[in-house]
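Quick notes on the structure that follows.
The values are calculated or read from the model by the stated rules, or taken from the named source; none is laboratory data. Keep in mind that what you see is a predicted model, and the values were worked out from it rather than measured. Please note: Cβ atoms are built from the backbone with ideal geometry, for glycine as well, and neighbour counts cover all protein chains shown. SASA here: full protein model, heavy atoms, side chains in, ligands and nucleic acids out. Shrake-Rupley method; radii C 1.70, N 1.55, O 1.52, S 1.80 Å.
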Amino acid sequence: MTTSRTMLRPPQHQFDPRVMPWWRVQLAIATAVLVAPLTVLGLLIAPARPWLLGPAAAIALIGLASLAALPVWWHRVHRWEVTDTAVYTLTGYFWRTWRIAPMSRIQTVDTTQGPLQRSFGLSTLVVTTASSAGAIKLEGLEQDQAAALAERLTELTDATPGDAT
């Protein structure tokens, strides 16, 4: 964590590299949810095979291409940083979103971890702010890093004057 003035700038840190396999599994599940029913129905309903198996194959090919390319691209694009004055994030694929949450606007700091994230040793840090844009989520942090950041942010927001409204 570094100390700097609060201003719009690209954050410095990439997410843990283990986030790429986690994203791949998520994409594989999403692809399977679409392909499996089409395939099963295509095999069971002979007259509809061309209309069901064709789209299933197309979706499977798009899913496989996505599994290979998207996580690498996402890992290069998504960034985060916590300073003594703010939390910075950069997200988005085609439309990029820079967000800054000054410490005085942070209301709560939580860590969450689903079963899939847990299997990869990852956590999500959720920073709830007094903003209509919603919470800032740092998905794909190493477990210990997320816990340390939550503790650090709690200390910083506690020491920052203001009521986060």
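Being closer than 30 Å to Pro161 by Cβ, open to solvent by less than 50 Å² (accessible area, probe 1.4 Å) and not in a helix (DSSP H, G or I): is that true of Ser132 here? Give the steps one after another, and end with the answer.
On the way: closer than 30 Å to Pro161 by Cβ: yes; open to solvent by less than 50 Å² (accessible area, probe 1.4 Å): no; not in a helix (DSSP H, G or I): yes.
Judged against the criteria, Ser132 is not a match.
Note down all Cβ pairs under 9 Å where the first residue falls in the range 9-30 and is over 15 Å from Ala65 (Cβ atoms), the second is open to solvent by 80 Å² or more (accessible area, probe 1.4 Å) and not charged (D, E, K, R), and they're at least six residues apart or on different chains. Every condition considered, the pairs that remain are Arg9/Trp98; Pro10/Trp98; Pro11/Trp98; Trp22/Ser119; Val25/Ser119.
Got a sec? Which of Thr91, Thr85, Thr128, Thr108 is within 14 Å of the chain's Cα centre (by Cα) and either among the hydroxyl-bearing types (Ser, Thr, Tyr) or modelled with pLDDT of 95 or more (or both)? Testing whether each residue is within 14 Å of the chain's Cα centre (by Cα) and either among the hydroxyl-bearing types (Ser, Thr, Tyr) or modelled with pLDDT of 95 or more (or both) leaves just Thr91.
So is Val35 farther than 22 Å from Pro21 by Cβ and either surrounded by 15 or more Cβ atoms within 10 Å (Cβ to Cβ) or modelled with pLDDT under 95 (or both) or not? Working first, answer last.
On the way: farther than 22 Å from Pro21 by Cβ: no; either surrounded by 15 or more Cβ atoms within 10 Å (Cβ to Cβ) or modelled with pLDDT under 95 (or both): yes.
When the stated conditions are applied, Val35 does not pass them.
Could you count how many residues in the range 12-31 are in contact with a Gly (Cβ under 8 Å, 6 or more places away or on another chain), over 23 Å from Arg99 (Cβ atoms) and at pLDDT 95 or above? Number satisfying all stated conditions: 4. Count of the range 62-105 residues, restricted to those that are open to solvent by 30 Å² or more (accessible area, probe 1.4 Å), of a type in the set (A, V, I, L, M) and within 24 Å of Arg18 (Cα to Cα), is 8.
Could you please tell me which pairs satisfy a Cβ distance under 9 Å, a separation of 6+ or placement on different chains, a first residue in the range 113-132 that is more than 22 Å from Val82 (Cβ to Cβ), and a second residue that is open to solvent by less than 40 Å² (accessible area, probe 1.4 Å)? Going by the 9 Å Cβ cut-off, the qualifying pairs are Gly114/Thr124; Leu116/Trp22; Leu116/Leu122; Ser119/Trp22.
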